[in-house]
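The structure appears below as C-alpha cells.
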Amino acid sequence: MTRPIRRFLPALAFLILSAAASGQGLVTTVDSIGMTVSDMDRAVEFYSKVLTFEKVSDVEVAGAEYEHLEGVFGLRMRVVRMRLGEESIELAEYLAPRGLPIPPGLRSNDRSFQHIAIIVKDMDAAYRRLRESKVEHVSSGPQRLPDWNRSAGGIKAFYFRDPDRHPLEILQFPEGKGDPRWHRPSDRLFLGIDHTAIVVGDTDASLKFYRDLLGFRVAGESENYGIEQERLNNVFGARLRITGLKPPAGPAVEFLEYLAPRDGSPAPETKSNDILHRRTRVVTADADAAAKRLFSSRVEFRSPGAVETARRELGFRKGMLVADPDGHVLEFLER
C-alpha cells in the first residue's frame, strides 16, 4: 500500500516558514539506528564478533507504556544497545508477540530499504573478515567509485546483510573525503557509523520533512551511475540522486532517490515487531511540543502521541514513533 506524500505537505508550508524564522528544528541529535531482530543472542554475536560493536546495555521491558509507544499489544521486548566508536545501534527482540520475517525478493531500490554505513580503515581486510564470516552478499564485491564523480570518486563500498537480512554497508573514504575523524590513526578495522541511508521517492518532498521541519542541513549531493554503482546496489541500470543531510549532532541521513530504474516497490505496512522494521532514533528537546508540530503538519504517527515511560528503563522520559513521507520510521526521544 502506498503512503502518498500528499498528506502532510500543504499543512507543512506554514511550519516551514515559522521554523525557518526561528532557526529551530525539532531534532537535536541522531541518537542511534534501531533494528528488530529475531534472535538477540545471534544478533549480538554477529555485531560484536564480526563487526566489533560493544554491548552497552541489555534490558527487558513490558507494560502499557511500551505497548502504546510501539503500537504492539501484549509485548515483551528485549532491547540491547551496542556501540562502535562514537555511534550506536539499538537491537530489539520481541519475545511476545513475534513479528513477520523480512519478505523475500526485496531490492536496494525498494522504498523499504534502509542501511547503516560502517566506516572501515582497510576495505580489503574488512571484506576478508566478512567473507570468513560467510555474510550474505548484496554487492558482487567491494566497488571503487570512479574518479569522474567529483563527490564520490575513490570511495570504496560494499553492501551485505546481517543474520536477519538487514542491509549493511562498509565504506572507506579516500584522503580528502568524508569526515576528518575517519582518517585519524586507529588500531581498529571497523571505526564507526557515518550515516544511515534510506531510499526516497522524491528528494524534494523528503527535504521538506528532514531539512525544513526536523532541522537537518544538506551536506552534500551527487548523481551516481555506471557499472560500479550498479554492482554496489545490485540494481541493473541504477542511476541515483544522492543527498547527504547532517543533523545538529550524530550520524547523518542519506537519501537515495533512484532516477532509474523507477520500479522500486513502496514500503509495505509493518509493525514494530516485524523484522523489516528499522527506525532512526532522534532526540528532541520537548516531546510534547514536537508532537504538536508533527500532528499539525499531518505526519503519520505510529504512537498515539508522546508516550511517557515512567521507569525509564531505556534511558528516555518520553518517546513516540512517526513515519516520514516514504514510510521510514523515526523514534523521537526526550531525555
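No lab work stands behind these numbers, since they all come straight from the coordinates. Worth saying up front: this structure is predicted, and the values here are computed from it rather than measured. Backbone-built Cβ (ideal geometry, glycine too); neighbour counts: all protein chains shown.
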For all pairs of alpha-carbon atoms in the range 114-260, what percent lies in each bin of width 10 Å, listed from the first bin to the last filled one? 11, 42, 37, 10, 0
Virtual spin-label span in nm between Arg241 and Ala125, 7 Å along Cα→Cβ: 4.0
Relative contact order for the chain, counting Cα pairs under 8 Å that sit 6 or more residues apart, in percent: 26
Computed helical MRE - 222 nm, the chain, DSSP H runs ≥ 4 contributing -39500 (n - 2.57), nearest 500: -5000 deg cm²/dmol
What is the distance, in nm, between label points placed 7 Å from the Cα along the Cα-to-Cβ direction at Ala96 and at Arg76? 0.5
Using θ = phi - 60° and the Karplus curve 6.51 cos²θ - 1.76 cosθ + 1.60, what whole-Hz ³J(HN,Hα) does each residue of the range 144-154 get, with Gly and Pro shown as x? 9, 6, x, 5, 5, 7, 4, 6, 10, x, x
Quick test of the membrane-span-like rule: which DSSP H helices of the chain reach at least 18 Å along their long axis (C-alpha atoms) with mean Kyte hydropathy at least 1.0? 9-22
Mind ordering 96-103, 71-78, 203-210, 192-199 by average Cβ neighbours within 10 Å, highest first? 192-199, 203-210, 71-78, 96-103
Tell me, what is the percent relative contact order of the range 114-260, built from C-alpha pairs under 8 Å that lie six or more residues apart? 27
Please sort 107-115, 129-137, 36-44 by packing, taking for each peptide the average over its residues of neighbouring beta carbons within 10 angstrom, highest first. 107-115, 36-44, 129-137
Quick calc, His183 & Asp204: beta-carbon distance into FRET formula, R0 22 Å, rounding 0.05, result 0.10
Cβ charges +1 (Lys, Arg) and -1 (Asp, Glu), total dipole of the chain, debye: 200
Can you spot the aspartates and glutamates whose alpha carbon is less than 14 Å from Lys121's alpha carbon? Ignore those fewer than 8 places along the same chain. Glu169, Glu175, Asp179, Asp187, Asp194
Write out the GluC sites (Glu not before Pro) in the range 66-116 meeting two conditions: DSSP loop, and at most 12 other Cβ atoms within 10 Å of their Cβ. Glu86
Gap in Å between the Cα centre of the range 99-151 and the Cα centre of the range 210-229? 18
For a bin width of 10 Å, list the pair-distance distribution of the range 245-335 built from all Cα-Cα distances, rounded to whole %. 14, 43, 34, 8, 2
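DSSP beta bridges in the chain, what fraction antiparallel, as a percent rounded to 5?
For the chain, the DSSP antiparallel bridge percentage is about 75.
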Kirkwood-Stokes translational diffusion coefficient of the range 51-177, alpha-carbon pairs, 4 °C, 1.567 mPa s, µm²/s: 76
Zone reached by a paramagnetic label modelled 7 Å from Ser296 Cα along Cα→Cβ, restricted to the range 183-226 with backbone N below 11 Å, covers none
